[in-house]
Amino acid sequence: MKLPGLRGLGPFAVLRRAFGKFGEDDMGTYASALAYQVLFSLFPFIIFLVALLGFLNIPEFFEYLRGQANEVLPAQVADQVNQIIDEIEQPRGGLLSLGILVALWTASAGVRATMNALNVAYGVSEGRPVWKRMPLSLLYTVGLAAMLIAAAALLIFGPQVMSWLGELVGFANIFVTLWNLLRLPVAVVLLMLVVALVYYAFPDTEQRFVFITPGSVLAVLVWLLASWGFSLYVQNFADFSATYGSLGAVVVILFYFYISASVLLFGAEINEVIEDASAEGKDYGEKRA
């Protein structure tokens, strides 16, 4: 069976090779390191995000963020995220204050860790000098924050916009119902766009941008399924508090980040397998200019 985008390879062959490369590249270790780094980068990133939101004056985003955390994340992870949002909802200082700049710099460490892990997944060595890699990580961090805000704004104000458009043509109820049906697919597409941009920009390799790739599609779908399954497991089967005491919430968050990092890196391995097997694929040893 041949599927579009696999360059003539069968889906089972792609998965078999990707699993093999995942083990050969020791992606489990990189996923662990990435989860650990993201854990320490998350709070500074949220601080920077909140400062950016305060600068843009979008207070509705906080309620949306809470709703998404409660809907997508495991309960214990969502509780911790909501607590953080409560503590920093009122930003302190301006967008360019020293504390915010330090938070941005700290948050960019998670981006640099992701860049290094994706270099391994794509089979290239980091060739960008420090003076180029550091500003890029800061730029990517700001870009991720901007895309998150843009996606949230679309999902928050989408019903109002659809209602306004519906009133113009006389079908307000139909437009609002249509938006409610398309809200989840739109969120999934936006998440695929973010993953595709990460696969394109983060590794030090020349490649053309492709919005829909097997790696990005599988990474998003598996991540959504893994999030749902992990949430059920934590709520119904696992008692981390009994095992780890007060550290249970931290263990849950770290484990969840590990799953997410593993899925992201496995999607990159799938893309690499497809390109490597294609006669038209790029040479992954080629570096960016």
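A few comments on the model shown:
- With each label modelled as a point 7 angstrom along the Cα→C-beta vector, the T29-I174 pair spans 6.0 nm.
- Per-residue HN-Hα couplings for the stretch 264-275 [Karplus 6.51, -1.76, 1.60; θ = phi - 60°; Hz; x = Gly/Pro]: 4, 5, 5, x, 5, 5, 4, 4, 5, 4, 5, 5
- Fewest-first ordering of L178, L39, L144, L104 by other beta carbons within 10 Å of each residue's beta carbon gives L178, L39, L144, L104.
- Segment V194-K132, length gained on full extension (0.36 nm per residue, minus Cα span): 20.1 nm
- FRET efficiency for the pair L182 and M147, taken as 1/(1 + (r/R0)^6) with r the Cβ-Cβ distance and R0 = 22 Å, rounds to 0.70.
- Ranked by how many other beta carbons lie within 10 Å on average, peptides 263-272, 219-228 from highest: 263-272, 219-228
- Order of Y258, Y30 under a 10 Å beta carbon neighbour criterion, fewest first: Y258, Y30
- Cβ-based exposure ranking for T213, T141, T106, T177, in which fewest neighbours within 10 Å come first: T177, T106, T213, T141
We did not get these values from a lab; they are worked out from the coordinates using the rules stated. As the structure is a prediction and not an experimental result, all values here were calculated from the model. Note: ideal-geometry Cβ built from the backbone for every residue, glycine included; neighbour counts use all protein chains shown.
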